[in-house]
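Throughout, read-outs are computed from the coordinates displayed, never taken from laboratory work. What you are looking at is a predicted structure, and each value in this text was computed from that prediction instead of being measured. Note that we place each Cβ from the backbone using ideal geometry, even for glycine, and neighbour counts take in every protein chain shown.
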Amino acid sequence: EAGVVQSPRYKIIEKKQPVAFWCNPISGHNTLYWYLQNLGQGPELLIRYENEEAVDDSQLPKDRFSAERLKGVDSTLKIQPAELGDSAVYLCASSLLSGAADTQYFGPGTRLTVL
Amino acid sequence: AQSVTQLGSHVSVSEGALVLLRCNYSSSVPPYLFWYVQYPNQGLQLLLKYTTGATLVKGINGFEAEFKKSETSFHLTKPSAHMSDAAEYFCAGGGNQGGKLIFGQGTELSVKP
C-alpha cells in the first residue's frame, strides 16, 4: 500500500513569492491533516479535513495561508506571500477516520526555505 | 488545555543499554497517547499508541510504553538500544478535539557504539 505522498520534497523561494505544496493521502483515508514543523519542534496542526470539509482550521494563518481539498482526496496548501518565518517543514498526514484514537500516517514532508 | 511535555531534548545511550524517553501529559479527560519516530528527512512513523485497555503497550522495533494515570506519564522504553534507534522521538496526545494531536517538543536519541 502506498503511503502519503507529498511534493515537492524541497522548495527554496524568495520572500514575498507564492508557494504551493501538494499532498495525496493513503487511498480510502477520509481525514487529511496539514502540520507545520519548525526546526527542533514537534508538529503543529494547521488544518484538518474530513472529506472535502475543513473541520478545524483555527491554527491556519488565513491572511497568507490557504488550503483546499476539492474532491475529498488530494490537497494543496498555499502560502502567498511567503515570509522568512515560514521556513519550516510542512507535513501532510491522513487517517482512515477522524476519531481521536485513529492512527495518523505521515508523509515525508516538504522542507521550505524562504530567503 | 491539553499539553504534552517531553523531558530532555537529547538523550544519549550506549548500544545495548536501556532506552528511557520521558513524556508527561495534562488533560482533563482520559487521553489517547502516541509515540512517533522520525528519521532524518522522513515523516513520522507510529511506534505505538494507547487508547483504552491494557496500560502497557507494545510497539514496533522492541519499544513499549506504560500509561500511568496517577503520574500522568507515558514513558517510552526499550531494553537494549540499537544503533538504528538513533532518531527523533515525539510523544503526542489527543482526545479533546477530535483528531487533533498535540505533540511534545521531541527527544533526539543518540546511540553510541
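What is the Cα centroid distance between segment B:3-72 and segment A:20-81, reported in whole angstrom?
Between the Cα centre of segment B:3-72 and that of segment A:20-81, the gap is 25 Å.
Can you tell me the mean projection area, over all orientations, of the convex hull of chain B's alpha carbons? Units nm², please.
On the way: hull surface 27.1 nm².
The Cα convex hull of chain B, projected and averaged over all directions, gives 6.8 nm².
I'd like the Karplus ³J(HN,Hα) series for segment A:18-34: coefficients 6.51, -1.76, 1.60, θ = phi - 60°, whole numbers in Hz, and an x wherever there's a Gly or Pro.
Listing the rounded values in order: x, 8, 9, 10, 10, 9, 10, x, 4, 4, x, 7, 7, 9, 10, 10, 10 Hz.
When you look at the Cβ of every residue in A:29-42, what mean number of other chain Cβ atoms sits within 10 Å?
That works out to 3 on average.
Choose one answer from B:L20, B:L56, B:L33: the residue with the largest mean-square fluctuation in a GNM of chain B with alpha-carbon springs under 10 Å.
Ranking B:L20, B:L56, B:L33 by mean-square fluctuation puts B:L56 first.
Note down the nm distance, to one decimal, between modelled labels 7 Å out along Cα→Cβ at B:S26 and at A:L115.
Going by the 7 Å Cα→Cβ label model, 4.3 nm.
Per residue, how much space in cubic angstrom lies within the convex hull of the C-alpha atoms of chain A? The partial results should precede the final answer.
Working: hull volume 11.0 nm³, N = 115.
Dividing the Cα hull volume of chain A by its residue count gives 96 Å³.
Could you pull out the pairs from B:K68/B:K112; A:K16/B:K100; B:K68/B:K100; A:K71/B:K49; A:K11/A:K71; A:K15/B:K49 whose alpha carbons sit more than 28 Å apart here?
Over 28 Å apart, Cα to Cα: B:K68/B:K112; A:K16/B:K100; A:K71/B:K49; A:K15/B:K49.
A:Q41 to A:T103: FRET efficiency via 1/(1 + (r/R0)^6), r the Cβ-Cβ distance, R0 22 Å, to the nearest 0.05? Please list the in-between numbers first.
Values: r = 22 Å, r/R0 = 0.98.
Efficiency computed from Cβ-Cβ geometry: 0.50.
With the crude spin-label approximation of a point 7 Å out along Cα→Cβ, what separation in nm comes out for A:V5 versus A:S27?
Output for this residue pair reads 1.1 nm.
Could you give the spread of the C-alpha atoms of the protein assembly as shown along their three principal axes, from largest to smallest, in whole angstroms?
Extents along the principal axes, in whole Å: 48, 37, 35.
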